[in-house]
Every structure is written in C-alpha cells, then in structure tokens.
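Enquirer: Structure in structure tokens, see below.
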Amino acid sequence: MNHFGLRTTAFAGLLLAAAACHAAALSGGTALPVHLKYAGRASPAAPALRSSAALVLDATHSSVLYSRHSDVAVPIASITKLMTALVVMDAAQPLDEPLEITAEDRGPRRGSRLTPGTSLSRGELLHLALMSSENRAAHALGRNYPGGLPACVEAMNAKARELGMTAAHFAEPTGLSDENVASPEDLSKLVMAAAKVPQIREYSTDTRFQVRVGRRMMRYGNTDSLVSRPDWKIEVQKTGYISRAGRCLVMQTVIEDRTIVIVLLHSFGKHTRVADARRVRKWMEAMLLQATPPAST
C-alpha cells in the first residue's frame, strides 16, 4: 500500500473511532438542545462546537463523524427554504415565468426589499430565496405553486416523508414560523437531496446576484460568508435565523476529498455557526495530520 493509501486508511480509522466514541457518549439519552459553552479543547472524539444541536456526516463513507442532539426536532428557520426549493423544482414550473410580489407576500415579519408590485421570474425569486434568504421571494414561490400555498406546504411534508425525515414538519415556505421543525438527522437528508439539483447548488452558493426592479438594479449578497472563501468548496448551503431557532447553518462541502454534510442548529451569537463550521474542518484536518505516518528515513 502506498503512502497515500496508508494515510487514508489511518484517517478513516480515526474518524470511525471518533464517531463510535461520541455515539457512546450520547447513548444515555437525548435532551432538548440548549446553548452550550465550550466543553474544552477539541479532541479526537469531538470538536469543541458551540451549536446546541449538530451533525457531521461523511457522505462518502456513509458514516456519522459527530452528533449532538441529532435526533431532536427543533425550529429550523430559513433552512426551510431548501425544502421550498425542492418542491418548486419537483413541480417543474417554468423558471422564466414572471411572478408578482403582492401584499399577501408582505406578511407581518417578512422584512424585504421586494415591494408589492415587483415582478421577477420564478428563477430569480428562487435565486434570492436560497442565496439571500429573501422571505417574500420564498412566500411568492409557495403562493404560485400549483394549487397555491396549502398545496405547497402539503408537498413539503410529503417530500419530507419521501426523504425519510421522520421528525420534520413544515407549516409554511419561508421559515419564519416556529412550527417548521426538523432534527439534524432530518436536515442531513434534506441537504443531500438538495445537492442533487443543479439549480439549488448554483443559486445557494452564488456570492452575489442582482435583479432589475423597475428602473434600478438591486444587488444581493449571500448570507453565508464561507461561500466567498477560496479555501472552501461548498456544494450547497443555507443559513437561517429566528429567535426560537437561533443561528443555523447547513451545508454539503468537500473536506480532504470527502463529501461532508454539516448541520449546525441553535448557534448562540451572530458568528458562531460559521466559526463552528471552521472548527469542524480544523478538527478533521487535525485528525488527518495525526493519521499521517512519519516519513521514512
């Protein structure tokens, strides 16, 4: 076996040992997630994350590397928009069809730069919903789903069942409702399904996008700062925030030639979810370094 093969085998062994160790630590039962302080330094068994619920899945080898309260359903905020995008794409409605933002899309908590009367294509609204978490865009997509908003929500819950998201429930398409809930295990399935759709991959990871509204161009940026970092290879992502859900982040990325799904829920503090994603990456890289055999002399 060559040097790379030895390193890969050793790294896989470390990851599997870490996963087993951490699973054993959780075997005593699962409590509702609360904000957790640092438990100490990262170890081979666990990175020092501050997100209350988390899951790190190696999709390449179908193995769980880390989990914390991963089977508990909690509010997921705008992570919901990944499911909205999935059912909209499943419906195969024309992405170039113009849709109008109405007063119904405005809603009491749907802050937005898209005023009623704005007309954008379905593809543009989907782009804004995934990249910039545009709430009125997501609501308009649901409202224009075949059969209207109730049919869209019904399709979202049906898709969740199809994907095996056993603890998930959706009440509306934006994520502003506390009734949109799922567990980290559920969301890992949602992320992997979303990553199979080229438009969702492209729109969710775009760094900037602009649309024409009337006579002016409106510029939008991505709510996930990691997509603009050249050292990250993110295939699909979504952020979320409401007070009951805290700061949330899900993504499928490539770390050390492995497809990794990261789910981080109820992160306390504006930058914690991004910092936790970096901690996951450093943890994996550190274990790879430990697994590298010494150079022969």
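We did not get these values from a lab; they are worked out from the coordinates using the rules stated. Computed from a predicted model, the values in this text were never measured in an experiment. Using ideal geometry, Cβ is built from the backbone for each residue, glycine included, and neighbour counts are taken over all protein chains shown.
Enquirer: Can you check what the net charge comes to around Asn180, using other residues whose Cβ is under 11 Å from the Cβ of Asn180 (Lys, Arg +1; Asp, Glu -1)?
Expert: In short, -1.
Enquirer: Related question: Across segment 56-73, in residue order, what do the Karplus-derived ³J(HN,Hα) couplings come to in whole Hz, using 6.51 cos²θ - 1.76 cosθ + 1.60 with θ = phi - 60° and x for Gly and Pro?
Expert: 10, 10, 8, 5, 4, 10, 6, 9, 7, 8, 7, 8, 9, 6, 6, 10, 9, 7
Enquirer: Counting only residues 5 or more places away or on other chains, whose amide H sits under 5 Å from the amide H of Thr118 once H atoms are built in the peptide plane?
Expert: Amide H to amide H, under 5 Å and 5 or more residues apart or across chains, Thr118 pairs with Ile101.
Enquirer: Turning to a different aspect of this structure: In segment 206-297, which chymotrypsin sites (Phe, Trp or Tyr not before Pro) fall in coil by DSSP and have 10 or fewer other Cβ atoms within 10 Å?
Expert: Sites meeting the loop and neighbour criteria: none at all.
Enquirer: What are the ³J(HN,Hα) values, in whole Hz, obtained from phi via the Karplus relation 6.51 cos²θ - 1.76 cosθ + 1.60 with θ = phi - 60°, for each residue of segment 262-276 in sequence order, with x given for Gly and Pro?
Expert: With the stated coefficients, segment 262-276 comes to 10, 10, 10, 10, 6, 7, 8, x, 4, 9, 5, 5, 5, 4, 5 Hz.
Enquirer: So what's the gap between the Cα centers of segment 186-250 and segment 88-140, to the nearest angstrom?
Expert: Comparing the Cα centres of segment 186-250 and segment 88-140, I get a distance of 15 Å.
Enquirer: Report the gain in length on full extension from Gln199 to Val213: 0.36 nm times residue separation, minus Cα-Cα distance, nm rounded to one decimal.
Expert: Using 0.36 nm per residue and subtracting the Cα-Cα distance, I get 2.8 nm.
Enquirer: Turning to a different aspect of this structure: Taking the mean number of other Cβ atoms within 10 Å as a proxy for protection, how do you rank 120-129, 138-147 from highest to lowest?
Expert: Ranked by mean Cβ neighbours within 10 Å, highest first: 120-129, 138-147.
Enquirer: Right, something else. For Gly123, what charge total do you get from the other residues with a beta carbon under 11 Å from its beta carbon, if Lys and Arg give +1 and Asp and Glu give -1?
Expert: My count for the surroundings of Gly123 gives -3.
Enquirer: Here's something else I'd like to know. Please turn the phi angles of segment 191-203 into ³J(HN,Hα) values with the Karplus equation 6.51 cos²θ - 1.76 cosθ + 1.60 (θ = phi - 60°), one per residue in order, whole Hz, x for glycine and proline.
Expert: Here the 3J(HN,Hα) series is 4, 5, 5, 5, 5, 7, 9, x, 5, 5, 4, 5, 5 Hz.
Enquirer: Given a Förster distance of 30 angstrom, what is the FRET efficiency for His169 paired with Arg143, based on the Cβ-Cβ distance and rounded to 0.05? Kindly include the intermediate steps, with their values, before the conclusion.
Expert: Numbers: r = 20 Å, r/R0 = 0.67.
For R0 = 30 Å, the calculated efficiency reads 0.90.
Enquirer: Within straight cross-link reach of Lys238, meaning Cα distance under 22 Å, which lysines are found once same-chain residues fewer than 8 apart are removed?
Expert: By straight Cα distance, Lys238 reaches Lys81, Lys159, Lys189, Lys196, Lys270, Lys282.
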